[in-house]
Amino acid sequence: MALPPLDREFAALVQWRVSAGYGTVERPGRALGADRVPLGPAGWWRIEATRGGAPALNVMIECFGGSAMVAFDGMAGAYLPDTAGLAAEDAWIVTPPGVELMAPVGDGLAPLPAQEHGASLHGAWAGHRSTRHDLRGIEAVVLVRDGKKQERIAVTQGTRPHIKGTPVRDVTGLAGGEDVHAEAPDLYLPAWGPWSVSLASMRAITAALDPLGILNPGKIFA
């Protein structure tokens with residue numbers, strides 16, 4: 001987990017407290033760079049922060065408390081909550097020993113195909129497995145332990161914005177092989193209807209709402 005850097009004037013006043021599965025870690029606030037805290041397997045992870053001794057933040061993040069898996073967005077790496085379904089098209093999934101990932105096929109189940117297998121995990125995570133899965137067209141992820149179905153987690157489709165544009169041929173991004181566009185593409189938001197957002201339309205909205213450029217100048221467009 002990366003604890004975010006803080007404004008210099010507040011960093012000296014903030015104290016972080018992270019319950020990480022294997023114990024509790026306390027870290028002072030930092031102004032330069034994120035502070036990375038390793039997390040261990042747990043039902044829940046808890047992140048607390050105090051400012052000048054007074055409570056300022058108290059967040060609980062589900063790990064294995066609600067299901068026998070932990071999921072992360074395959075492209076962005078962000079944690080994916082699964083309590084209301086798995087909202088992703090591509091995900092890394094971490095499972096504890098003895099748990100198999102399956103998917104509904106017809107009237108039965110079949111192993112959930114893995115695109116990629118992560119490196120062997122060590123320390124507190126020894127025995128756990130991490131695998132990357134393409135969830136497009138997958139109705140649900142079914143967790144099976146010792147041959148018995150434990151739980152079924154629905155996969156929601158169409159929640160990720162889609163880029164509409166013409167990519168540059170034979171050029172991909174370094175991070176994950178994404179398409180590279182010579183001009184800013186439009187963003188298609190299928191969950192909210194068949195409409196798109198482009199830089200031109202955002203500039204027009206900004207100009208209409210803030211013609212003098214006094215509201216957070218340069219925050220959206222220079």
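Bear in mind these aren't lab numbers, they're just calculated from the coordinates by the rules spelled out. Source: prediction; values computed, not measured. Here Cβ is always computed from backbone atoms with ideal geometry, including for glycine, and neighbour counts include all displayed protein chains.
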Charge dipole of the stretch 56-119 about the Cα centre (unit charges at C-beta), most positive-ward option of Leu57, Pro81, Leu101: Leu57
Debye, to nearest 20: dipole size of the stretch 2-62, +1 on Lys, Arg Cβ, -1 on Asp, Glu Cβ: 80
Cβ-based exposure ranking for Ser19, Ser67, in which fewest neighbours within 10 Å come first: Ser19, Ser67
Amide H partners (placed H, <5 Å) of Leu80, local residues excluded: Ala71, Phe72, Asp73
Label-point separation, Ala34 to Tyr22 (7 Å along Cα→Cβ), nm: 2.0
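Evaluate E = 1/(1 + (r/R0)^6) for Val105 and Glu62, where r is the Cβ-Cβ distance and R0 equals 35 Å; express this FRET efficiency to the nearest 0.05. All intermediate terms of the calculation are to be shown ahead of the outcome.
Details: r = 28 Å, r/R0 = 0.80.
Given R0 = 35 Å and the Cβ-Cβ separation, E is 0.80.
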Asp179 paired with Lys148, simple spin-label distance in nm, labels 7 Å along Cα-to-beta-carbon: 4.8
Estimated distance in nm for a label pair at Asp73 and Thr166, the labels positioned 7 Å out from Cα along Cα-to-Cβ: 2.9
